[in-house]
1. Can you tell me the order of 77-89, 55-67 when each peptide is scored by its average per-residue count of other Cβ atoms within 10 angstrom, highest first?
2. Please work out the Kirkwood hydrodynamic radius for the chain, using every pair of different C-alpha atoms, and report it in angstroms with one decimal place.
3. Under the definition of Cα pairs under 8 Å and six or more residues apart, what whole-number percent is the relative contact order of region 53-122?
4. Shape of region 56-132 from its Cα gyration tensor (a ≥ b ≥ c, root eigenvalues): rounded if a/c is under 1.5, otherwise prolate when a/b > b/c, or oblate?
5. Which shape class applies to region 1-76: rounded if a/c is under 1.5, otherwise prolate when a/b exceeds b/c and oblate if not, where a ≥ b ≥ c are the square roots of the Cα gyration tensor eigenvalues?
6. Across region 52-67, in residue order, what do the Karplus-derived ³J(HN,Hα) couplings come to in whole Hz, using 6.51 cos²θ - 1.76 cosθ + 1.60 with θ = phi - 60° and x for Gly and Pro?
7. Rounded to whole Å, give me the distance from the Cα center of region 1-29 to that of region 44-119.
8. About the Cα centre of the chain, what is the dipole size in debye to 20, counting +1 per Lys and Arg Cβ and -1 per Asp and Glu Cβ, all else neutral?
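The values are calculated or read from the model by the stated rules, or taken from the named source; none is laboratory data. Model, not experiment: these values are computed from the prediction. In this analysis, Cβ positions are derived from the backbone assuming ideal geometry, glycine residues included, and neighbour counts consider all displayed protein chains. Just the protein is used for accessible areas: all its heavy atoms, side chains included, with ligands, DNA and RNA removed. Shrake-Rupley method; radii C 1.70, N 1.55, O 1.52, S 1.80 Å.
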Amino acid sequence: MYSVEIEVSTGREAVVHDLTKDAERFLAEADAEDGLLHVWVPHATAGLAILETGAGSDTDLLAALENLLPRDDRWRHRHGSPGHGRDHVLPALLPPYATVPVLGGVMVLGTWQSVCLVDTNVDNPVRRVRFSLLPG
């Protein structure tokens, strides 16, 4: 298995960060053929999503998460900025992993799909993402 970890700067606002180009670069460096790309985010307050970006879906996702997980004082987990407890619930809805088929060195994604890091934790502006190739 070939595996690489990268650092991603997500800043101090909730963000959907497109990792697709990073994943493509990883597959090229790995000389990938057929297999599975596994993406892992080793954080308790971030998740991964496969969705369309740039046409409003990324903003809609953040709005939906804000509705589901408001940044207020209802959370028992209380440290960091106000409402930070909701960031610890996020990975139950958007898991910290995703697996994508790879054929001929290319991810088999739908036309508008992207692999995205979703980070609502305004207290942690830098994330690690691990790409692993499981050859077929």
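1. 77-89, 55-67
2. Kirkwood hydrodynamic radius for the chain: 15.4 Å.
3. Computed value for region 53-122: 25 percent relative contact order.
4. Prolate is the answer for region 56-132, as a/c is 1.5 or above and a/b outweighs b/c.
5. prolate
6. 6, 10, x, 10, x, 5, 5, 5, 4, 4, 4, 5, 5, 5, 5, 5
7. After rounding, the separation between the Cα centres reads 14 Å.
8. The dipole magnitude comes to about 540 debye.
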